[in-house]
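Here the structure is laid out as structure tokens; the discussion comes afterwards.
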Amino acid sequence: MDYSEQEERSTISESGSSNSYDQQRPSFADELGLMELLEGDRAYDLIYRNCKSALGDQCELLSILRNGFATVGSRAKLKAFQVFQEAVEMKHVGEEGGGKARVKYGWCAVKKTELKSVLEYGFSQPRNDGCYGRGLYLSPDNALLECLKDSAAESEDGMRFLLLSRVILGKSEIVPLGSTQSCPSSPEFDSGVDDLASPSKYIVWSTHMNTHVLPEFLVCIKAPFNINRSAKRLRSPWMAFPVLIKALSKFLPPSQILIIQKHYKDQQNRRISRSELIQRVRHITGDKLLVHIIKAFGHKVQH
């Protein structure tokens, strides 16, 4: 989905009174060079529909702001991003389906206190749990809920700040769970994903996170603290976890089965909850495989 306009300018709508606009604009917007988008603006409408589709009524969207690239540092980052986009395109010219930088949009949660430094200077350190190596993990623009699950509320009212950034993916390599990578495995690759066919994570290495990621929009929302439990959960009324693990061993490598067994042991010893165990297993296997196993093996177990 393309949220950007062709011209490098604010897409702010001229409609609406200045008084109502001033009341909606967050107090830090001017300081950070951010411009409030209003209903009727193309980018606003696309992002709003995306958020509502992903979150429904469980979250309140407060404002959508666009990076105006008003400072010297932010303009330099914009130019650098454009240079690297061209470089990646040239790098893959002549390859099958090549000549493309594959620029996508991705979500990343940030704290209010670090917004200024991220917009001006970029990301100072990797932002992740280390499951897929050292870098910046972003959720695809159609996987906002995944990003929200990994974020923490800023205050008791559930305020959260999400950056929607342009990401140069180029040629992606699949990164296995537990990887210790911090750069591409070879010069032919530009980024990583957890799944080539249907990625839930874009992995931008620490070497690339300030050249291949360009924060363009900031979305401010209020979300419940139990957002993880609000999402649809995959349940199996048929299979005990030991049976599920045995079935998974037919599809997954031993290293991933060992991780699942460890999580199950942690749950048995009450170090993690059952719902957290389910989330971790889903994270490793993916829902498609779990659904397949539950349908194929669970039916046999039931009978």
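The values are calculated or read from the model by the stated rules, or taken from the named source; none is laboratory data. Bear in mind that the values here come from a model prediction, so they are computed numbers and not experimental data. Cβ coordinates were reconstructed from backbone atoms using ideal geometry, including for glycine residues, and neighbour counts include every protein chain displayed. Accessible surface is based on the protein model in full, side chains and every heavy atom, while ligands, DNA and RNA are left aside. Shrake-Rupley method; radii C 1.70, N 1.55, O 1.52, S 1.80 Å.
Observations on the structure shown:
- For region 241-292, the fraction of 1.4 Å probe accessible surface lying on carbon and sulfur atoms is 56 percent.
- Per residue, the solvent-accessible area of region 172-223 (1.4 Å probe, heavy atoms of protein chains only, all protein chains present) comes to 35 Å².
- Gained length - Lys265 relative to Ala296, 0.36 nm times residue gap less alpha-carbon distance: 8.7 nm
- Cβ-defined net charge surrounding Ser172, 9 Å radius [Lys, Arg +1; Asp, Glu -1]: 0
- Over 23 Å apart at the Cα level, from the set Lys116/Lys222; Lys246/Lys288; Lys100/Lys288; Lys246/Lys295; Lys201/Lys295, are Lys100/Lys288; Lys201/Lys295.
- Sorted largest first by accessible area at a 1.4 angstrom probe radius, with every protein chain in place, the residues Asp30, Asp57, Asp287 fall in the order Asp57, Asp30, Asp287.
- Extension gain (nm, one decimal) between Leu61 and Ile272, 0.36 nm per residue minus Cα-Cα: 72.8 nm
- Label-point gap, in nm, between Thr71 and Gln125 - each point 7 angstrom along Cα→Cβ: 2.0
- Net charge in the neighbourhood of Trp205 (other residues with Cβ under 12 Å of its Cβ; Lys, Arg +1, Asp, Glu -1) is -1.
- For Tyr264, Tyr137, Tyr121, the ranking by accessible surface with the largest value first comes to Tyr121, Tyr264, Tyr137, using a 1.4 Å probe.
- Inter-probe distance in nm under a simple model that places probes 7 Å from Cα toward Cβ, at Ile174 and Glu188: 1.5
- When Ile272, Ile259 are compared by accessible surface with a 1.4 Å probe, the order from highest to lowest is Ile259, Ile272.
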